[in-house]
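Everything below concerns the one structure shown next.
All of the numbers you see were taken from the coordinates with simple rules; none came from a lab. Everything quoted here is computed from the prediction, not taken from an experiment. Cβ placement follows ideal geometry from the backbone for every residue including glycine, while neighbour counts extend to all protein chains displayed.
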Ligand SMILES: Cc1ncc(COP(=O)(O)O)c(C=O)c1O
């Protein structure tokens, strides 16, 4: 069949968009609440909600029963408060000294792991006349940030003894919870339990304990404590393919665009920068107005990652360029400018997951969704 070749008449199609299904977010939070109960659910909405849009996700998660939100950096919390969100927001990373005042102004729950920061935080809290809520992070084996387990008691005592600080939680983070058979998670939890026991013996009240990310919440019941801090699972993406069957999660994101150009190519022709793909047969190529600046990794083209057009899978060809990529839609294609093309998510009976990209790219689904670029419009279709 002759392709309907691009051209005249039609306005330029829209560029790329990411549809985020907020019902899926609510469904996922409900699943996580069920799995983790009686622990509560903290929805992690850092990095603009893993690329999904922090504010709409935060609202949907809270409406579905999450009781906490978490972000990594102080500025990430401001838009949430600006929208009137009053739920507690945990800062997962310790703020810089010059951010403490903003953190208190935004009424954030502040993680601390450098004892030096406590004095400055107490001074900032005194100036406002409200005690700062401190969440003491203990490094039980991730070796990224946190006080050493042996130092936790002294730091907790310093917090207890400071009038302008309140110890709100003692927490830790798991390094390998996504590998369910890896014994190191149990080792980390044992170190964490040891810290909690030392504090209890010293008469220090720990109002909240938390250790679990999504993987630990799903795969390690002992890690659930009082709160689970779930990010990737809220977005309906399993923390690792090995944990895909631990909960009924629904992928919230659908990354799509419209075909912007269609042409015939001949066997032997080559395509895209470096001319690194050679066509074995005459075929039809569709160009999409989305590229690596939008989060479609350059290598995906050479790896022939599929795109859905007309409910069927078609491989990318040639390297993905900054703003555009090309798809071999086959010699008999009935593809036209303006047809929808889906890079992640469902079209017809087919579905592409962030894990599919991640497996090709030797990375993780987190990197795939966080890479969705700022110029990709986020849409929140109502059902
Ligand atoms: C300290 C901490 N807790 C929880 C999470 C959420 O992890 P996940 O997205 O695997 O649920 C993260 C994310 O990286 C984190 O850094």
Residue order, fewest to most beta carbons within 10 Å, for 265, 368: 265, 368
Per-residue ellipticity at 222 nm for the chain, helices alone: DSSP H runs ≥ 4 residues times -39500 (n - 2.57), over residue total, nearest 500 deg cm²/dmol? -8000 deg cm²/dmol
For segment 229-285 and segment 82-136, distance of Cα centres in Å: 41 Å
Going by C-beta contacts inside 10 Å, put 42, 174, 370, 230 in order with the fewest on the left. 370, 174, 42, 230
Note down, for segment 256-326, the three equivalent ellipsoid semi-axes (square root of 5 times each alpha carbon gyration tensor eigenvalue), biggest first, whole angstrom. 18, 15, 11
Three-way shape call for segment 11-116 based on the alpha-carbon gyration tensor, with the a/c threshold at 1.5: oblate
Which ordering of 292, 192 is given by a fewest-first count of other beta-carbon atoms within 10 Å? 292, 192
